[in-house]
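Contents: one structure, followed by commentary.
The values are calculated or read from the model by the stated rules, or taken from the named source; none is laboratory data. What you are looking at is a predicted structure, and each value in this text was computed from that prediction instead of being measured. Positions of Cβ are backbone-derived with ideal geometry, glycine not excepted, and every protein chain shown enters the neighbour counts.
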Amino acid sequence: MTKAVIYVRVSSKEQEEEGFSIPSQLRLLNEYARKGNFDIQKVFSEAESAKSSGRPEYAAMIAFLKSNPSVNTVLVEKTDRLYRNFEDSAQLNLKKMNLFVHFVKEGKILGPDSKSQEMFSHNVNLAVSALYVHNLSEEASKGMLEKARQGLWPSNAPIGYINKLEDHTIYPDPKNAHLILRAFQLAATGQYTLKALTLQLRHDGLLSKRAGNTLSKSAISRILSNEIYYGDFKWKGVVYKGRHTPIIDKDLFTRAQSGLRINTKPKVTKRSFDYIGFMTCAHCGCSITAQEKRKKSGIVYVYYNCTNGKGLCDNVTYIREELIEKEISHALKQIRLPEDVIEWTRHALFENHQDEKVARDRELKRLSSEYQTLQRKIDACYDDKLDGLISTERWQLKNDQWKSEQEQIEKKIANLRQDNTAYLNEGIKLMELAQKASELFKVLNQDEKRELLNQVLSNPQIKNGSLCFDFRFPFSKFVGISHLEKWRGGRDSNPRPSA
């Protein structure tokens, strides 16, 4: 019998979802192991997000496999259950560890001698999964912004307020809203320094929400500078008119600012350079800064250089912003995909996700049946109430319970229907990005350019006055491909421009 381990995972948000639960994964993998005559040595199970590396059970599995070379097989449900980032993928070195990974739902087995086409398809899956997680975060951010535009505070309630899930807004906290009012009233007298006010509020019992600790001077300063307490609030640099109940009025807020002499004048910000924070120095590892230089002709140029300074860094050279953009543009042109490669990859993505669609359709059918069963119970219970067979209280209790269960089912159905094509769509977006990256770079704004470069390039550095970098997966596989046959020949492109 082949010795193997099983790895199962859910993220914390998925633990209660049918079809993604750990028990359902274990049933699938144990049945697969039984049919395939695998001898399961150990099961690794965890409820951790795979968006970034550092999962304890995943690390324990890697250590177990390295210390037990006779165990050379991993059974897992599908790619995104095993990893959703390239750091974790790199730890599972199939050739070095002589390892085979069975992705059971995808009907795929990868091993030390897997063909380049198979590895490419797997890398696309992994890249799609990583982008999918990233986009979920973006969608959550968009949802929070939309709440703010509607006048609803979109995050955890600040001290003095509590969140109410029923109407998605915040309400004054009966335990400490009066202490927030007192803080502004004392500040408005002009008789307290920030330090003295902090000590007084500690004495009055104003504590932090999370740990129940006393608040620092900086925390009190943030409270007294927060517009949310008189009805407005700031989200992503924009002030919105809130729909929540204010604790103070704006006049008291203004007097409190004046009383503590809090500087509310807008700060003068420095010029924002496009590539600050994007690159590091290849010689010493320090960050890169930028400055403007005005020539005699009046033309202003932007130069980038190491922050370490001469004498501390071995090679403090300066590079013009135009040269950086020229090299970036050249790099993006290298990953333009031919139509036949796009079509082949699109077909591969559709094939890889057919099992996922079948599983979702099956789950939708099961949930719909469960919903109808609950509806029949609700109808029958109501008839029993009308006939006097059960009390009104008993009917109300069961009706509320079943209605609540129906609401949960409706949410699951909505999520399944929404996600049915989302995963596949991310793969298509990935190809479109590879196809249009060079043209997009020319027209995007500063933030959008940075987002594009973070998806395509990794480890950008200034070296000897030139920009060097790596391509991220799967874009490294798209470089220099002129037609499908050339790619299927197994060429593995990951060029790094010479400095």
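Which residues, taken from the stretch 448-457, are in contact with a strand residue (DSSP E or B) (Cβ under 9 Å, 6 or more places away or on another chain) and within 22 Å of residue 305 (Cβ to Cβ)? Before the answer, list the steps.
Within the stretch 448-457, the subset in contact with a strand residue (DSSP E or B) (Cβ under 9 Å, 6 or more places away or on another chain) is 453, 456-457.
453, 457, listed by residue number.
Could you say whether any residue in the stretch 407-416 is outside any helix (DSSP H, G or I), hydrophobic (A, V, I, L, M, F, W, C) and surrounded by 14 or more Cβ atoms within 10 Å (Cβ to Cβ)? Before the answer, list the steps.
Of the residues in the stretch 407-416, the ones outside any helix (DSSP H, G or I) are none.
Looking through the stretch 407-416, none of the residues is outside any helix (DSSP H, G or I), hydrophobic (A, V, I, L, M, F, W, C) and surrounded by 14 or more Cβ atoms within 10 Å (Cβ to Cβ).
Output yes when any residue across the stretch 301-315 is at pLDDT 85 or above and acidic (Asp, Glu), and no when none is.
No, the stretch 301-315 contains no residue that is at pLDDT 85 or above and acidic (Asp, Glu).
I'm checking my understanding of the structure. Among residues of the stretch 265-299 that are more than 20 Å from residue 457 (Cα to Cα) and in contact with a helix residue (DSSP H, G or I) (Cβ under 8 Å, 6 or more places away or on another chain), which one is modelled with the highest pLDDT? I'd like the intermediate steps shown before the answer.
Keep residues of the stretch 265-299 that are more than 20 Å from residue 457 (Cα to Cα), which gives 265-272, 284, 290-299.
Next, from what is left, pick out any that are in contact with a helix residue (DSSP H, G or I) (Cβ under 8 Å, 6 or more places away or on another chain): 272, 290.
Details: 272: 69, 290: 85.
Here the residue is 290.
This table checks each residue for (1) in the same structural domain as residue 234 (by TED's automatic domain parsing); (2) under 30 Å from residue 223 (Cα atoms); (3) surrounded by 18 or more Cβ atoms within 10 Å (Cβ to Cβ); (4) at pLDDT 75 or above.
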| site | (1), (2), (3), (4) |
| --- | --- |
| 102 | no, no, yes, yes |
| 119 | no, no, no, yes |
| 129 | no, no, yes, no |
| 137 | no, yes, no, no |
| 147 | no, yes, no, yes |
| 171 | yes, yes, no, yes |
| 178 | yes, yes, no, yes |
| 188 | yes, yes, yes, yes |
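Matching residues to (1) touching a Pro at 6+ places or on another chain (Cβ under 9 Å); (2) at pLDDT 80 or above:
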site: 400; (1), (2): no, yes
site: 428; (1), (2): no, no
site: 442; (1), (2): no, no
site: 460; (1), (2): no, yes
site: 464; (1), (2): no, yes
site: 472; (1), (2): no, no
site: 484; (1), (2): yes, no
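Residue-wise test of (1) modelled with pLDDT under 85; (2) surrounded by fewer than 14 Cβ atoms within 10 Å (Cβ to Cβ); (3) part of a helix (DSSP H, G or I).
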residue: 7; (1), (2), (3): no, no, no
residue: 27; (1), (2), (3): no, yes, yes
residue: 42; (1), (2), (3): no, no, no
residue: 46; (1), (2), (3): no, no, no
residue: 57; (1), (2), (3): no, no, yes
